[in-house]
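Here's the structure, in structure tokens; my notes come after.
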Amino acid sequence: MRASFDYAGARVFVVGGTSGINLGIAAAFAAAGAEVGVGSRSAGKVAAAVAALSAPGRPAFGAVFDVRDAAAVAEGIGGFAAAGGRIDVLVSGAAGNFPAAAHALSPNGFKSVVDIDVLGTWNVMKAAHPHLRRPGAAVISISAPQAQVAMALQAHACAAKAGVDMVTRCLALEWGREGVRVNSVIPGPIDGTEGMARLAPDAAARARVAAAVPLGRMGTAAEVAALCLFLGSAAASYVTGAVLTVDGGWSLALGGYAMTGGA
Ligand code: NAP
Ligand code: COA
């Protein structure tokens, strides 16, 4: 499947774009012609993603930072903006998660996930805003079903992703006057990802998850990326403050992920 959007000349930064769904999103923007930048904590993952995303005459940009460190985020995103004078689309997708029963989760465990997801989203959006503030620019948060559906073993992630979506919607309200659109994407279960490896770690659990999806299968990173290509484009020029699912209808069933492995 290949969505046909033309991003030639556009500058797109994907936070957490060094693996999984976010790397798939960065690859889709690069394939559509965009100049792409990615950032995450691991220098090795950043270098590998930059190599994979670079095209002849169109090198990708990489920055190493932890989204919980506001100064480091501003330096990394600022470096990408300085290289081309602006950012057209920002994708904020860094997240941390693991299954853990509430009784066994420490304050620092809860805080780590909330800090990566909520404070991280805040730091990323604040850092990018000076480089985005003009009509046509777009911001996309990568949220999760946990933002809308209460799940056992996921109190930390549910609180965190609900916070991500509310920050996203509040900034849509504030930045709309500048012509900047801010939306959230909620992927359903996406095959072959770190997130699913943690929440559905064996074949039986993955089969239960797939069976709970009305379309009968997990999704792909390319299918999430297709929605991001739409949201970043002029085709979505009147879409802001929206929280859009790309989940094969999973959220209609409200069955919850089949999860194992919590303490
Ligand atoms: P993933 O491969 O682990 O992707 C997470 C990315 O964020 C990595 O690039 C990671 O790189 C980066 N990251 C993590 N913590 C960071 C931090 N503190 N600072 C900077 N970067 C950080 O996981 P994924 O499963 O593809 O998930 C990607 C996104 O999709 C997440 O927002 C997740 O909540 C969402 N999502 C996933 C699913 C699913 O089925 N997998 C479903 C719904 C939503 P480093 O390790 O180098 O930092
Ligand atoms: N169950 C319960 N608690 C856990 C845990 C688990 N599986 N994994 C980590 N924790 C706790 C730790 O024990 C620690 O708490 P403590 O200090 O009270 O012992 C706290 O979480 C922080 O752990 P640490 O390893 O220092 O955090 P980090 O900042 O290095 O890493 C994580 C953050 C824990 C979220 C890590 O899993 C990560 O980097 N994830 C990114 C990739 C990811 O989650 N991908 C899926 C995206 S949906």
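Numbers at a glance
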read-out	value
For segment 185-194, Karplus couplings with θ = phi - 60° (6.51, -1.76, 1.60), whole Hz, Gly/Pro x	10, 10, x, x, x, 10, 5, x, 10, 4
All-pairs Cα distance distribution in segment 1-124, expressed in whole percent, bin size 10 Å	14, 43, 28, 11, 3, 0
The chain: most fluctuating residue of 206, 217, 177 per GNM, C-alpha cutoff 10 Å	177
Environment charge at residue 200 (Cβ cut-off 9 Å; Lys +1, Arg +1, Asp -1, Glu -1)	+2
Label-point separation in nm, residue 69 to residue 4, each point 7 Å along Cα→Cβ	4.5
Positive-end residue of 154, 230, 216, charge dipole of the chain with Cβ unit charges	230
Ordering of 145-158, 115-128, 8-21, 52-65 by packing [mean C-beta count within 10 Å, highest first]	8-21, 115-128, 145-158, 52-65
Convex hull volume per residue in cubic angstrom - Cα atoms of segment 84-253	118
Partners for residue 126 among aspartates and glutamates (Cα-Cα distance below 18 Å; same-chain residues under 8 apart left out)	66, 69, 75, 88, 115, 117, 165, 174, 178
For residue 153, residues with placed amide H under 5 Å, excluding near neighbours	102
HN-Hα J in Hz across segment 29-36 - Karplus 6.51, -1.76, 1.60, θ = phi - 60°, x for Gly and Pro	5, 5, 5, 8, x, 6, 7, 10
Most fluctuating residue given options 42, 141, 233, as computed from a GNM of the chain linking Cα atoms under 10 Å	42
Calculated from backbone phi, Karplus (6.51, -1.76, 1.60) coupling profile of segment 90-98 in Hz, x at Gly/Pro	10, 10, 10, x, 5, 7, x, 7, 7
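Every number in this text was worked out from the coordinates using simple rules, so none of it is lab data. Note that the structure is a prediction, hence the values are computed from the model and not measured. Reconstructed Cβ throughout: ideal geometry from the backbone, glycine too, with neighbour counts over all protein chains shown.
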